[in-house]
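Working notes, beginning with the structure itself.
Every number here is computed from the coordinates shown, using simple stated rules; none is lab data. These figures come from a predicted structure and were not determined experimentally. Note: ideal-geometry Cβ built from the backbone for every residue, glycine included; neighbour counts use all protein chains shown.
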Amino acid sequence: MEKHFFLLGKSLKHSFSKDYFNNKFKKENLSYSYSNIEINAIDEFKSIDLQKYNGFNVTIPYKEQIIPFLNDLSAEAKEIGAVNTVKISNGKLTGYNTDAYGFHFSLKPFLKNIHERALILGTGGASKAVAYVFEKLGINVLFVSRKPTTENQIGYNDVNEYVMKFHTIIVNTTPVGMYPNNDDLINLPYECLTPEHIVYDLIYNPEETLFLQMAKKNGATAINGLQMLRLQAEKAWQIWNE
């Protein structure tokens with residue numbers, strides 16, 4: 001039996017998902033396929049012939065924008081307010097969030113009692129899954145945004161020595177530094193990092209962004225998004241096969 005899946009996004013040159021799944025299908029001798037579908041605006045989603053597919057993943061910038069096009073959401077996706085995995089069954093589209101699972105279990109081995117507060121760079125769909133995990137773990141969250149609009153958001157210029165000192169986990173959920181823009185770097189006081197800090201970049205291409213290089217240079221634990229990608233992909237696979 002043939003099954004077909006795809007990744008929905010705006011620019012997918014950076015993504016390993018297609019290779020990851022197609023290699024998996026090959027290893028497991030499955031006549032399945034996984035392709036990339038790039039759209040410039042979410043309205044173009046309507047023109048995709050979904051009858052050919054069994055499910056898809058969603059990446060930047062459509063994790064929130066896809067929701068109105070779905071028939072149903074898992075309880076977790078509803079609570080998070082972002083979707084990265086969709087199952088298609090009998091013409092019905094159900095949205096899930098496997099980013100939270102991937103982030104939680106890739107971060108877990110590094111957590112210690114000192115990690116009580118987290119700084120999340122960015123306020124898009126991925127940041128919502130990250131914040132959801134921290135909430136479940138009882139870790140306080142402060143968002144950093146280009147345009148702060150709520151009480152728990154600050155601007156990038158507000159990230160000073162004090163903010164860095166009291167937030168021992170810093171997570172980049174933005175695409176800054178992602179291939180092909182490897183030389184881009186978020187402007188932060190990296191010299192305030194210590195060996196107590198965990199610096200996590202959801203980006204996995206390149207393997208080590210400038211953001212992570214600066215973290216390592218200042219003694220922090222640096223983690224990229226590759227393990228999260230693998231874990232969320234396996235969770236998506238499980239959902240598609242339930």
| How long is the chain along each principal axis, judged by its Cα atoms, biggest number first, in Å? | 56, 37, 33
| task | Take the alpha carbon atoms of the stretch 45-68, find their center, do the same for the stretch 156-229, and report the distance between the two centers in whole angstrom. | result | 30
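Could you put I186, I42, I114, I48 in order, starting from the residue whose Cβ has the fewest other Cβ atoms within 10 Å?
Ranked by crowding around the Cβ, least crowded first: I114, I48, I42, I186.
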| said: What lysines does K108 reach when the alpha-carbon gap must be under 16 Å and sequence neighbours fewer than 8 apart in one chain are set aside? | reply: K136
| note | Within the under-12-Å Cβ sphere about G125, not counting G125, Lys/Arg +1 and Asp/Glu -1 give a net charge of 0
| query | Roughly what would the spin-label model give for K112 and I239, points 7 Å off Cα along C-beta, in nm? | reply | 3.4
| query | Taking only Cα atoms, what is the 0 to 90° angle, nearest 10, from helix 226-241's long axis to the longest principal axis of the chain? | reply | 30
| task | Mind checking the stretch 1-102 for GluC sites (Glu not before Pro) that DSSP puts in a loop (not H, G, I, E or B) and that have at most 14 other Cβ atoms within 10 Å? | result | E2, E28
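What fraction of the DSSP beta bridges in the chain is antiparallel, stated in percent and rounded to the nearest 5?
Counting DSSP beta bridges with both partners in the chain, the antiparallel share is about 20 percent.
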| Quick one, what does Rg over Rh come out to for the stretch 105-242 if you take C-alpha atoms and the Kirkwood Rh? | 0.96
| Any idea what the dipole of the chain comes to, in debye rounded to 20, about its Cα centre with Lys/Arg Cβ at +1 and Asp/Glu Cβ at -1? | 440
| remark: With -39,500 (n - 2.57) per DSSP H segment of 4 or more residues and division by the full residue count of the chain, the 222 nm estimate, nearest 500 deg cm²/dmol, is -8500 deg cm²/dmol
| query | If the cut-off is a Cα-Cα distance under 29 Å, which lysines reach K3, setting aside same-chain residues fewer than 8 apart in sequence? | reply | K13, K18, K24, K26, K27, K46, K52, K63, K78, K87, K92, K235
| remark: For the stretch 158-236, the dipole about the Cα centre with charges only on Cβ (Lys and Arg +1, Asp and Glu -1), to the nearest 20 debye, works out at 220
| said: What is the angle, in °, between the Cα long axis of helix 125-137 and the longest principal axis of the Cα atoms in the chain? Nearest 10 is fine, range 0 to 90. | reply: 70
| For the stretch 128-210, which trypsin sites (Lys or Arg not before Pro) are in a loop by DSSP, counting at most 16 other Cβ atoms within 10 Å? | R146
